[in-house]
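Heads up: the structure comes next, in structure tokens.
The values are calculated or read from the model by the stated rules, or taken from the named source; none is laboratory data. Since this is a predicted model, take the numbers as computed values, not measurements. Reconstructed Cβ throughout: ideal geometry from the backbone, glycine too, with neighbour counts over all protein chains shown.
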Amino acid sequence: MGSMKRTVAELVRERWGDHRPGLWFEGRFLSHHQVASGAAARAALLADLLPPGAEPHLGVLLDNTPEYPLWLSAAALAGAAVAGINPTRRGPELARDILHTECRVLVTERAHLPLLDGLHLPGVRVLVTDTDAYAGLLAPYADAGPDTGTARADDRLLLYFTSGSTGAPKAAICTQGRLAAAGQSLVDHFGVRPDDTHYICMPMFHGNAVIADWAPALAAGATVALRRRFSASGFLADVRASGATYFTYVGRAVQYLLATPARPDDRDNPLRTGFGTEAGAVDAAAFEERFGVRLVEGYGSSEGGAAIQRAPGTPPGAIGRAAPGDDLAVVDPGTRQECPPAVLTGDGRLLNGTEAIGELVNRGPNPFEGYWRNPDADAARRRDGWYWTGDLFYRDADGFLYFAGRTDDRLRVDSENLAAAMIENILSRYADAAAVAVYAVPDQAAGDQVMAALALRSGAAFDPLSFGEFLLSQPDLGTKMAPRYLRIVERMPVTATSKIHRVGLRREGFRCPDPVWWRPPGEPAYRPLDTADVDALLAQYRARGREELLAG
């Protein structure tokens, strides 16, 4: 446990006086010393901006610019916490995220200022990084040093939002000690060296980028390279220009990269490893074949309560086995009993999904540190003394674990965790809606897509144009929330206890007896899903080895 006693502040201070390249962005480098110096200046400014007695929390609403890691490092030095604010959130929901985490300072940039128009943010000081006023605020602190005297391992450092099964997104807590330990663990696992460069193209308001990419780079003294926003077309150019050797991904990003035109020099790049989730065995093999880069699939509960590590001998499609010290089990949430082992065909297809798929729980000690001011969510995670991940898995006879989706009310769309209940609340405003149910259907490549069942009020007919206009007019509908598929039902199916029969809706998916409308990627309007569309979709599921997920 010695590594838990280290702080991120200490890691930042160790880079003081280190003039090697520390941060690359849009063709320019800052040295490690310049990063540490910039962090020290911001830490000193933050200390003066935070009102006495206020929680030491700041919100960061930025793309992946150098200001993001500078403020992460500054918060560590100041013993403060960064709440990563998601720019795909809108209106009252965006304001709620900022106010719930009690941010007294919000760091943003001019490109995101329209998101704040009309929001009521009492007591929040907004700093706009790409302005003269911001430069003027920082100037008096230019000579500040990296003081770490007040930083402790149990200081909160991250408050990052993760959606659960009910209500608004919850802010998971990550302390300095846990983040420093997580970074060191990945340094050890991947053999990260000081001359490596970690390319961060996933958004830094997510734990993926900060915990799995920035933290190990900081722990090893490696260089960080930033991309403002993920770009498939700009990926290789950035990798080559920055000398990147490691990156993190989600499955959708891998799909976008594989969809770019192949070039004969694709393998001419410095990358050694990609680390992430939901790429799938088929795409991982295709990526390695094309780019010469091994993708390592991993799993880590956002809140830190469970982890799975890939090891030599892990079968295709599996994530790996439990990390050392974790007592992981796949459990039927109703009976609290372990599910039987998966029965798999020779090509890895699951034959007994109904019995074998359950929720992944950690029955042993774990580093889950709770949610910010949400005791009900804490209790739900820690039921019966176990940590419940909210994720569905199955385990084979050799103990290897396979990811199978999200629990009932959760969707994961393009790496975003969404709560169905929140989307339902928005769709229920549609004037012609009598009832709405939102649920996940597996995406043909990775993660989920949003599907909604819509029962119309008496005498109404579904109008795709008016529904599309309605969606555009909702200020709190995030960019990932709009349904890909719409099932128009005469009446909403219910269970014997008069609850919406979500299991049946999910099982039928878009292959159901009712009319289904859909909005294919890149198309502006909803249109009927016909037999040819279904056949084409099924071929894509089959090619990715995901067809069996449609039966779940």
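Numbers below:
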| item | result |
| --- | --- |
| Residue, farthest from LEU471 (Cα to Cα), within the stretch 525-544, restricted to residues that are among the charged types (D, E, K, R) and in a loop (DSSP other than H, G, I, E, B) | ARG544 |
| Which listed residue is buried (at least 19 other Cβ atoms within 10 Å of the Cβ), closer than 30 Å to GLU93 by Cβ, modelled with pLDDT of 95 or more and of a type in the set (Asp, Glu), from ASP238, ASP196, ASP213 | ASP213 |
| Any pair with Cβ under 8 angstrom, 6 or more apart, that starts in the stretch 87-116 at a residue that is in the same structural domain as PHE161 (by TED's automatic domain parsing) and ends at one that is in a loop (DSSP other than H, G, I, E, B) and among the hydroxyl-bearing types (Ser, Thr, Tyr) | THR88/THR479; VAL107/THR129; THR108/THR129; GLU109/THR65; GLU109/THR129; ARG110/THR131 |
| GLU369, sole failed condition from (1) part of a loop (DSSP other than H, G, I, E, B); (2) under 30 Å from VAL239 (Cα atoms) | (2) |
| Members of the stretch 186-238 that are within 13 Å of TRP24 (Cα to Cα), of a type in the set (A, V, I, L, M, F, W, C) and touching a residue at least 60 places away in the same chain (Cβ under 8 Å) | ILE200, CYS201, TRP214, VAL224, ALA225, LEU226 |
| Qualifying position, being outside the structural domain of TYR402 (by TED's automatic domain parsing), in a loop (DSSP other than H, G, I, E, B), at pLDDT 85 or above and surrounded by fewer than 17 Cβ atoms within 10 Å (Cβ to Cβ), among ALA446, ALA482, ALA496, ALA461 | ALA461 |
| Unmet requirement for ALA318, which otherwise passes all of (1) crowded, with 20+ Cβ neighbours inside 10 Å; (2) within 22 Å of ALA172 (Cα to Cα) | (2) |
| Qualifying residue in the stretch 152-162 (condition: of a type in the set (Phe, Trp, Tyr), under 30 Å from LEU477 (Cβ atoms) and either surrounded by fewer than 24 Cβ atoms within 10 Å (Cβ to Cβ) or touching a residue at least 60 places away in the same chain (Cβ under 8 Å) (or both)) | yes |
| Which numbered condition ASN208 fails, given (1) more than 15 Å from the chain's Cα centre (by Cα); (2) closer than 20 Å to TYR68 by Cβ; (3) assigned to a helix (DSSP H, G or I) | (1) |
| Test: residue in the stretch 253-272 that is closer than 26 Å to ALA322 by Cβ and surrounded by fewer than 22 Cβ atoms within 10 Å (Cβ to Cβ) | yes |
| The one condition in (1) outside any helix (DSSP H, G or I); (2) buried (at least 24 other Cβ atoms within 10 Å of the Cβ) that ARG229 fails to fulfil | (2) |
| One residue from ARG487, ARG506 being basic (Lys, Arg), closer than 30 Å to VAL282 by Cβ and at pLDDT below 95 | ARG506 |
| The lone exception for PHE403 - which of (1) at pLDDT below 90; (2) among the aromatic types (Phe, Trp, Tyr); (3) over 28 Å from ASP443 (Cα atoms) it fails | (3) |
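To keep it simple, each residue is scored yes or no on (1) crowded, with 22+ Cβ neighbours inside 10 Å; (2) within 22 Å of TYR134 (Cα to Cα).
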{"position": "GLU10", "(1), (2)": "no, no"}
{"position": "VAL35", "(1), (2)": "yes, yes"}
{"position": "ALA43", "(1), (2)": "yes, yes"}
{"position": "PRO51", "(1), (2)": "no, yes"}
{"position": "ASP63", "(1), (2)": "no, yes"}
{"position": "PRO69", "(1), (2)": "yes, yes"}
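Yes/no matrix, rows are residues, columns are (1) basic (Lys, Arg); (2) assigned to a helix (DSSP H, G or I); (3) touching a strand residue (DSSP E or B) at 6+ places or on another chain (Cβ under 9 Å):
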site	(1), (2), (3)
GLY276	no, no, yes
ALA279	no, no, yes
ALA284	no, yes, yes
LEU295	no, no, yes
ILE308	no, no, yes
PRO312	no, no, no
PRO315	no, no, yes
ALA329	no, no, yes
